[in-house]
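Input: a single structure, listed below in structure tokens.
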Amino acid sequence: MNAVRKTFGAKVAVEGIDLVVPQGALYGFIGPNGAGKTTTIRMIMSILFPDSGELSVLGKKSAVESKDRIGYLPEERGVYKKMKVAAFLVYMGRLKGLDSRGLKPKVMEWLERVELADVAKKKCEELSKGMQQKVQFIASVLHDPDLIILDEPFSGLDPVNMRLLRDLINEQHAAGKTVIFSTHVMQQAESICDHIIMIHEGKKVLDDTLGDIRSRFDPRVIHVDTVGADDQSDLISSVAGVSSVRQSEGIYEVKVLDSMDQQQAMQNILASLPVSRIEIKRPTLEDVFIEIVTGGSPSGDHEDVRAKLLAGSKETQEIGS
Amino acid sequence: MNFTKITRVAGREFASTAMTKGFIIGALVVPAVMAALIPLIAILSAAAQPSADKGTIYVLDHSAEVFNEIESRLSPEEVRSRWEDRAKRAANFAKGMMGQSGGDQIENAMNSIKTPEFRVIPTAPDADIEQIKTEIRNQLTSKATLDDPLEKVLAVIEIDIDASKKVNDAEGYGSYQAFFRPKLNEETVSEIESGVRWSIREKRYENAGLDRDQIKELASISQRESKEITEEGERNESSGIATFLIPIASLVLLIVATMTGGQYLLTTTIEEKSNRVVEVLLSACSPMELMTGKIIGQMGVGLSLLIVYNSLGIVALIAFNRLDMISGQTIILFFVFFLLAYFMLASMMAAIGSAVSDMREAQSLMTPVMLIMMIPYFFFMPVIRAPNSMLSTVTSFIPPISPFIMIMRVSSTDPPPAWQIAAVIFVNLIGVFIFLWLAAKIFRVGLLMYGKPPNLRTLIKWIKMA
């Protein structure tokens, strides 16, 4: 993807995104609701076309020519309500260019793998939402694609099925398939992906491996649990190298001065007061996310930001949500 | 465009519409059952024939000369021979119209109407007619069965004194008055009445010194079928029913077939959109492939309806021995105009279906389409009356109503010249192209649009956008 831009009327959904996903990689695609994730994915799929910029998928100018080599699980996913589960999957397989010979056993094999073999003859409308989602996942990988794009694959799944799906994704990755999936649940991205892309307000704000992101977004915070119930904030903040102290749920979050080495700061704290537990805080993707979304402001009012993000999410149902 | 994908979409579209119980029952079984019911109705109505009327007719003959005629005219032998004659004549006529089997059916049906049997009894010249009426009333009220069915009084006829001869140089002749028992068969009543009238007439001829046979000969002019002179030669004059029947049947059939396909297309498109299955499909095929496949699939639905009803129509025409009313060319043109009309309507339906989120929203956009589909009905009378008038010619060049007007014209007894048919097909092909092109643009944008239903202006914006 090269300087890809897409607007809907006056609204700019995607603004100059450059992106390269190497073959065989497992990319997580994160961003707040309305950031342009689905629009970007739809452009990769050639369902929408960019206003400007260039795009190449699997070596072709657009996905139109290589649709049969891509597996896509859209966010807006549905099934033919009146169609039987197996028949629906056979139809999707045939539409993806599979030969009808040998397709039925393949469908049954997949249904067995996701523990849905007993509903093969049921109508799609009789399935629960989670079951439908698994059926749709099969539809996206049935034709053994080289590139798998999953838009919010985990939404609406229970923990057991979430794990099942995560194993299936890992398995596809292990088989050398390129997998891109979007989510706004950071833990999932964190636990599966080795590479994260984040977009915010139509722009790419992050494109790195998980390790690099962690070191880049080191919050320089030390968690300290003191002995005793007395408020030790003043004592800690007087320690050399400490910039500020915040107490949350009985733990002190100690921000270290940029000039100070974190190891040194830790030793300074240990020397100044009795401590029951002390550790360097590892940045979570969630912190990174919120830091970017709030424009790098001190990662204080997480709850506020979260609430704001949730509120602003589902206002519009138009494309580019 | 990937043809394999189009055929697969079309295959599913056709199967999910036409291979359902509802469709098969509605479209195929109902007409088949109706066709099977027609002979059944004939059998039932024959079986339901009431028993023959048997009984007495009293004649109060003031003229004192008509009675003998009536008695012989309504004698059992005479009545029976007339009825047999009539059945044969009707059968012969029916054979001309509907072939041997139709004739046989009519003859059977006629014979199944049981011949009545009368006993004609004169009353005393000074008898009181009220007394005979009272006798009928008594028979009606009494529950007892009569020993001899012939004792049942069916009617009493009072003949005027001057019914068959003028009295005192009066202006005209007198007449007769008949009183009937209620609930007699219609045929019985008319048999009695015509017998009386025939007898009175017979007596009048006799009194005037005229020969009955001669009068019959003088009055009769044999009927020959009129001919119409055409450019090539001549043909039988088109009967009133034929001129109307075939064109209106063609028009209705064409509208039903196109609307069925179009309606299903609208429903399935809306269903795919509201089920959100659309994006899954778009990951496998392009919007154009999807739309083309769907339109072709529903075309198959319309075509199968057309083939079924057309075959039924042809079978009916064969049964009635009137296959001359349609030509092979008309049938071919019928399919051509179906395709042209269908593609234009289907384009509109696909565009509407893709633009809205549910059936309710579709209604407002459907109104103009429905109005367009109504137009051919308004033009039915003027076009049928004058298939080559200026109005007919002009309207047959306006897509999308053009195919409907044309089908009436080509199936009428006065079809338009070949160059016009070719020109209309050409104009419609352009129309089809424009409709499909616009629909494709709306379809592409509309499919992924959710939210408030678009108005015409939004649709135009989408066309420009795509």
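The values are calculated or read from the model by the stated rules, or taken from the named source; none is laboratory data. Because the structure is predicted, anything quoted here is derived from the model rather than measured. Cβ: placed from backbone, ideal geometry, glycine included. Neighbour counts: every protein chain shown. In case anyone asks, the SASA skips ligands and DNA or RNA and just uses the protein heavy atoms, side chains included. Shrake-Rupley method; radii C 1.70, N 1.55, O 1.52, S 1.80 Å.
Note on chain B: Rg/Rh from Cα positions, Kirkwood definition for Rh, rounded to two decimals, is 1.19.
Within a 10 angstrom radius of each residue's Cβ in A:93-100, how many Cβ atoms of other chains show up on average? Whole number is fine.
The shielding value for this peptide is 4.
Classify the stretch B:52-213 as rounded, prolate or oblate from the Cα gyration tensor: take a ≥ b ≥ c as the square roots of its eigenvalues, call it rounded if a/c is under 1.5, otherwise prolate when a/b beats b/c and oblate if not.
Numbers: a/c = 2.73, a/b = 1.25, b/c = 2.18.
Here the stretch B:52-213 falls in the oblate category.
Projecting label points 7 angstrom from Cα along Cα→Cβ for A:Thr209 and A:Arg166 puts them 2.1 nm apart.
The lysine pair tally for the stretch B:52-213, using Cα distances under 23 Å and a gap of 8 or more places or different chains, is 17. Surface composition of the stretch A:220-280: carbon and sulfur atoms hold 46% of the protein heavy-atom accessible area at a 1.4 Å probe. With the highest mean first, a sort of the peptides B:411-417, B:325-331, B:211-217 on other beta-carbon atoms found within 10 angstrom per residue produces B:411-417, B:325-331, B:211-217. Taking the C-alpha atoms only, the angle from helix B:359-378 to the longest principal axis of chain B is near 50 degrees. Considering only the Cα atoms of the stretch B:242-340, their convex hull presents on average a projected area of 7.1 nm². For the listed residue pairs A:Lys123/B:Lys273; A:Lys60/A:Lys129; A:Lys60/B:Lys5; A:Lys84/B:Lys441; A:Lys129/A:Lys203, the alpha carbons are over 24 angstrom apart in A:Lys60/A:Lys129; A:Lys84/B:Lys441; A:Lys129/A:Lys203. With K and R counted +1 and D and E -1, the other residues having a Cβ less than 11 Å from that of A:Phe154 yield a net charge of -1. Accessible-area loss of 50 Å² or more (1.4 Å probe, protein heavy atoms, chain alone versus all protein chains) is found in the stretch A:66-88 for A:Lys67, A:Glu76, A:Tyr80.
Shielding by partners for peptide B:282-293, expressed as the average number of C-beta atoms from other protein chains within 10 Å of each residue's C-beta, is 5. Solvent-accessible area assigned to carbon and sulfur over the stretch B:240-465 amounts to 76 percent, based on a 1.4 Å probe. Overall form of the stretch A:220-280: prolate. Here a/c, set by the Cα gyration tensor axes a ≥ b ≥ c, is 1.5 or more, and a/b is the larger of a/b and b/c. Modelled spin-label separation between A:Glu112 and B:Ala64, with each label point placed 7 Å from Cα along the Cα-to-Cβ direction: 11.2 nm. Excluding ligands, DNA and RNA, the accessible surface per residue across chain B is 52 Å² with a 1.4 Å probe.
Within the stretch A:2-215, what whole-number % of the accessible surface is contributed by carbon and sulfur, with the 1.4 Å probe and all protein chains included in the calculation?
So the carbon and sulfur contribution to the accessible surface is 50 percent.
In this assembly, the B-A interface accounts for approximately 2500 Å² of buried accessible surface in total, computed with a 1.4 Å probe and without ligands, DNA or RNA. Label-to-label distance, B:Ile430 versus B:Met34, with points set 7 angstrom from Cα along the beta-carbon direction: 3.9 nm. Placing R0 at 41 angstrom, the Cβ-Cβ distance between B:Leu323 and B:Lys216 gives a FRET efficiency of 0.60 after rounding to 0.05.
Per residue of peptide B:14-27, the mean number of Cβ atoms on other chains within 10 Å of the residue Cβ is 1. Remark on the protein assembly as shown: ratio of C-alpha radius of gyration to 2.2 N^0.38 Å is 1.60. According to the calculation over all Cα-Cα pairs in chain A, the P(r) per 20 Å bin from zero is 28, 48, 21, 3 %. With bins 5 Å wide beginning at 0, the percent of Cα pairs of the stretch B:240-465 falling in each bin runs 1, 7, 15, 18, 17, 14, 11, 8, 5, 3, 1, 0.
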